[in-house]
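The structure appears right after this line, and notes come after that.
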Amino acid sequence: MSNTMPPAHPFDDDKLKEECGIFGVIGLSDAANFVALGLHALQHRGQEAGGIVAHDPEQGFNSVRRFGYVRDNFTDESVMQTLPGALAIGHVRYSTAGSKGQTAIRDVQPFFGEFSMGGAAIAHNGNITNANSLRRELIDRGSIFQSSSDSECIIHLMARSMGRSIPDRMEEALRKVEGAFSVVAMTRTKLIGVRDPLGVRPLVLGQVGDGWVLSSETCALDIIGARFIREIEPGEMVVINDKGVQSHFPFRPAKSRFCIFEHVYFSRPDSILGGRSVYETRRQIGVELAKEAPVDADLVCPVPDSGTPAAIGFSQESGIPYAMGIIRNQYMGRTFIEPTEQIRNMGVRLKLNVNRALIEGKRVILVDDSVVRGTTSRKIKEMILDAGAAEVHFRIASPPTAWPCFYGVDTPQREKLLAATMSEEEMRNHLAVDSLRFISLDGLYRAVGEAGGRDPKAPAYCDACFSGEYPVEPADMLEQGFQLKTAAE
Ligand code: SF4
């Protein structure tokens with residue numbers, strides 16, 4: 001199967017990309033089928049490849065790891081029959097660490113290790129910020145790595161641990177790991193879920209019948225009819241077997257710093273994060289944006305689809321009518337996956353079209369979730385002007401993205417980020433629009449429920465891609481010459 005996948009979002013080439021979704025089930029026969037459905041619901045978190053490991057007492061561990069969409073790889077009965085058992089975990093990925101952009105099948109998770117007390121498989125969402133030094137140390141001590149993924153360090157650290165059970169070994173391994181990790185793992189009899197002490201990436205617990213489920217997001221519980229029980233807490237480890245769920249907190253406590261961008265863009269709008277509907281938070285971002293950056297105009301149009309809730313909020317607050325000024329082609333299938341250069345250059349037009357009858361002669365406010373390189377924003381502006389718009393005003397539902405993420409999101413190098421090299425006014429000139437405004441960091445914090453805005457001494461979220469303040473030092477990147485924010489910036 002080709003590993004060149006069509007983007008889930010029409011502008012994926014100019015968006016930050018969440019890298020992974022994880023899902024696990026225990027206590028349901030044919031667990032792998034439930035995992036496949038869960039991964040399908042999490043496909044927006046990674047479209048490059050996916051894998052499932054299942055365990056059956058008679059047949060032991062089995063795994064299937066493939067490039068491509070879940071629906072293309074894990075719906076065939078002949079494949080799913082090879083994954084029997086009532087315990088299974090799975091992973092969908094877009095690479096952030098490892099062989100970025102050209103994933104080898106050996107980099108596709110879950111990873112599996114055979115230990116003296118039995119086998120274990122792990123699926124990791126996040127990014128280990130000290131993976132390079134850990135890998136060097138492990139290789140020096142004899143470990144033989146199979147992949148280029150940072151996540152494989154966890155398996156090798158477990159192999160070196162003297163812990164008497166697999167959960168003990170995992171706990172010891174994860175204490176040596178820095179950065180962001182939500183992990184779903186399995187042994188022959190247990191499903192394990194862990195979240196790093198800052199809780200950067202999400203992980204939730206659900207229940208369906210006699211079975212338990214771990215998932216990156218609640219939307220994937222819904223698809224299998226599971227009831228949302230609670231979030232796994234930052235720094236928590238849960239071990240689930242036929243007797244139920246055991247919880248403990250093996251790491252040194254820290255103030256949680258959940259990724260604020262999950263609210264803005266990564267998570268699905270029908271998920272619940274921190275007790276809040278993602279859709280409602282995004283709508284509220286639009287409300288805040290309309291208060292902070294009002295503009296006289298005729299229409300508020302979302303850049304589909306992720307700008308939609310914020311555009312609705314902007315329209316409601318401003319009283320300016322909401323309209324679907326840009327229509328997304330829902331059937332961007334595989335036809336153009338590997339297009340000729342000529343078709344590739346058509347880019348945005350292939351994916352989106354302007355609703356000319358609505359736009360002509362109007363002053364249009366376009367609401368998008370973020371500006372990364374700015375390449376797509378320019379093309380959209382041109383399309384809107386070509387359709388006869390009188391004015392184009394951009395309103396962006398996140399602050400300027402000026403710093404790369406090292407916690408499991410694929411971002412361009414800092415110098416490629418438009419906001420890293422230009423002021424807001426310079427960006428407006430560069431995009432050649434009538435106005436451009438981003439929500440402030442305080443406004444974003446208010447929208448996610450922090451009434452007082454951002455507490456600069458103790459921010460409630462990770463917002464490093466906006467603020468440049470990294471809650472965990474990105475050790476590997478510093479080693480490679482990355483410069484942290486200076487006092488002058
Ligand atoms: S740097 Fe940005 S994208 Fe990365 S975890 Fe922090 S808020 Fe999320």
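Values as computed for the structure displayed
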{"item": "Likely footprinting exposure, Arg141, Arg71, fewest C-beta neighbours within 10 Å first", "result": "Arg141, Arg71"}
{"item": "Ranking of Glu288, Glu360 by count of other Cβ atoms within 10 Å, fewest first", "result": "Glu360, Glu288"}
{"item": "Gyration tensor verdict on the range 272-331 (Cα atoms; rounded if a/c is under 1.5, prolate if a/b is larger than b/c, oblate otherwise)", "result": "oblate"}
{"item": "Hz values of 3J(HN,Hα) by residue in the range 289-298 - Karplus curve (6.51, -1.76, 1.60), Gly and Pro given as x", "result": "4, 5, 6, 6, 9, x, 7, 7, 7, 9"}
{"item": "Those lysines that a straight Cα-Cα span of less than 16 Å connects to Lys15, excepting residues fewer than 8 apart in one chain", "result": "Lys100, Lys351, Lys379, Lys416"}
{"item": "Spatially proximal aspartates and glutamates relative to Lys291 (Cα-Cα < 13 Å; intrachain offsets below 8 disregarded)", "result": "Glu317, Asp442"}
{"item": "FRET E, pair Glu426, Asp305, Förster distance 35 Å, beta-carbon r, rounded to 0.05", "result": "0.75"}
{"item": "Charge dipole (debye, nearest 20) of the chain; +1 at Cβ of Lys and Arg, -1 at Cβ of Asp and Glu", "result": "220 debye"}
{"item": "Phi-based couplings in Hz for the range 213-227 (Karplus 6.51, -1.76, 1.60; Gly and Pro marked x)", "result": "9, 10, 8, 4, 9, 5, 4, 7, 6, 4, 5, 9, x, 7, 8"}
{"item": "Net charge, Glu425 excluded, C-beta distance under 14 Å - Lys, Arg +1, Asp, Glu -1", "result": "-1"}
{"item": "Lysines with Cα under 20 Å of Lys255, excluding same-chain neighbours fewer than 8 positions away", "result": "Lys176, Lys457"}
{"item": "Over the chain, volume per residue of the alpha carbon convex hull, in Å³", "result": "146 Å³"}
{"item": "Residue-wise HN-Hα coupling along the range 136-153, computed from phi with Karplus coefficients 6.51, -1.76, 1.60 (Hz; x: Gly, Pro)", "result": "4, 4, 5, 5, 4, 9, x, 5, 10, 7, 9, 10, 9, 7, 4, 5, 5, 3"}
{"item": "Asn355 long-range amide H proximity, modeled H, under 5 Å", "result": "Ile326, Ile327"}
{"item": "For the range 276-448: rounded, prolate or oblate by the Cα gyration tensor [a/c cutoff 1.5]", "result": "rounded"}
{"item": "Amide proton proximity set for Cys462, modelled H, under 5 Å, gap of 5+", "result": "Phe258, Cys259, Ile260"}
{"item": "Projected-area mean, the range 234-304, by convex hull of Cα positions, square nanometres", "result": "7.6 nm²"}
{"item": "Inter-label distance, nm, simple model (7 Å from Cα along the C-beta direction), Arg188/Ser133", "result": "3.8 nm"}
{"item": "Relative contact order, percent, the range 276-448 [alpha-carbon distance under 8 Å, six or more residues apart]", "result": "25 percent"}
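Taken together, the values in this text are just the output of simple stated rules run on the coordinates, not laboratory data. Treat the numbers as computed from the prediction; the structure is a model and nothing was measured. All Cβ positions, glycine included, derive from the backbone under ideal geometry; neighbour counts span all protein chains shown.
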